[in-house]
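Notes to accompany the following structure.
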Amino acid sequence: MFACKSVVVENAEELKSIKARKITWKKDRAMMVRIPEKWGVVPAEAVAATYNKFGDLIMAETIIPERKIQLDDAFYMDAYQVTVGQFGKFLRSSNYVPNEPINWNRVYEISPTDKHPMVFVTWYDATAYAKWAGRRLPTEEEWEFAARGGLIDKEYSWGNDEDVAGDYACFGRWSGGKGKTKPVGSLRPNEYGLYDMAGNVWEWCQDWYNSSRHFRVLRGGSWYNNSNILRVAYRINYSPRHGNNSIGFRCVAGSP
C-alpha cells in the first residue's frame, strides 16, 4: 500500500519545484497526494461614471467582468491516516516522550496491526510526529477543502448518497470488526485520492475550536460513529491534552 513509484521528497522546501500528483515523503515513507489550488470567482461589477464639478464626463461607466482568482496555493496531504507502524517508528527514532504514556494493549485492541491507524494520540503527540517528519497538521480549512475532493455543496466526501457510505468509510456497523478500525486505505478514496477522510478515526487539525482556545478541532468521524457524523462539514472539539480510541491524524506539507 505504501510502496509507489513517485517522487521522493525530503522537506517542504523541495515542494516549490514539484508538480507531481503523488509523492513519497522520505522520513516516514508516507504517500502524499497533491491538493490543487483553491479558486474563487469575483462577480462582475459596474463602476459608476464620474463627472467634474461642471458636469463634464471624466470617466464613463465601466463594467469589470467576472473573473477567477486564486485563493490558496496547492499543498500535499497524506493519502492515508498515520499508522501504528509509522508512529512506532517515530517513537523509536526520536526523543519524544508523550505526556500521557501510550497503553499499547488498548491501542492494539482497536488497531491490531502496523497498517491500522494510530489511536490514543493527543494533539501534542500528533504535532510532535508532524514536526519530526518535517510536515505539519492541516488547518481546518485545508482539511475540509481536501475532504471534499473537488465536490461542491455535497454532504459527504463522496457525494450525497448516504447508502454508499460503507464503500468509503469505516463507521458504526461497517467497522472493521466489532469495535475496531480498518487498515488504512481499505476502502474507496475520494476524488483527490485521499482515503478514510470519513470514518476510521477522527483527525486532529491545527486550529482551536473557537476563541476560548481551550479545545482543538477534530474532523472526519470514526469507526465508532453513525453515518450522520461523517458529513464533511461536521466538526467537534476535544482537549489537546487527551486522546482516545477513535482519534488519529494525518499530515500535510506545503502552503501555507
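The values are calculated or read from the model by the stated rules, or taken from the named source; none is laboratory data. Quick caveat: nothing in here was measured; it's all calculated off a predicted structure. Cβ coordinates were reconstructed from backbone atoms using ideal geometry, including for glycine residues, and neighbour counts include every protein chain displayed.
The table below lists the values:
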item: Any chance Thr181 is closer than 24 Å to Arg106 by Cβ, assigned by TED's automatic domain parsing to the domain that holds Thr83 and not aromatic (Phe, Trp, Tyr); result: yes
item: Ala49 being touching a Pro at 6+ places or on another chain (Cβ under 8 Å) and not hydroxyl-bearing (Ser, Thr, Tyr); result: no
item: The range 181-193 residues that are closer than 12 Å to Asp114 by Cα, paired with ones that are surrounded by fewer than 21 Cβ atoms within 10 Å (Cβ to Cβ) and at pLDDT 95 or above (beta carbon under 6 Å, 6 or more apart); result: Pro183/Lys115
item: Residue match in the range 146-160 (condition: in contact with a helix residue (DSSP H, G or I) (Cβ under 6 Å, 6 or more places away or on another chain), in the same structural domain as Arg250 (by TED's automatic domain parsing) and surrounded by fewer than 23 Cβ atoms within 10 Å (Cβ to Cβ)); result: no
item: Residue, nearest to Asn245 (Cα to Cα), within the range 139-155, restricted to residues that are touching an Asp or Glu at 6+ places or on another chain (Cβ under 8 Å) and part of a loop (DSSP other than H, G, I, E, B); result: Thr139
item: Residue list for the range 148-169, restricted to those being in contact with a strand residue (DSSP E or B) (Cβ under 7 Å, 6 or more places away or on another chain) and at pLDDT 95 or above; result: Ala169
item: Any hit, the range 65-74, residues being hydrophobic (A, V, I, L, M, F, W, C), at pLDDT 80 or above, under 23 Å from Leu137 (Cβ atoms) and touching a helix residue (DSSP H, G or I) at 6+ places or on another chain (Cβ under 6 Å); result: no
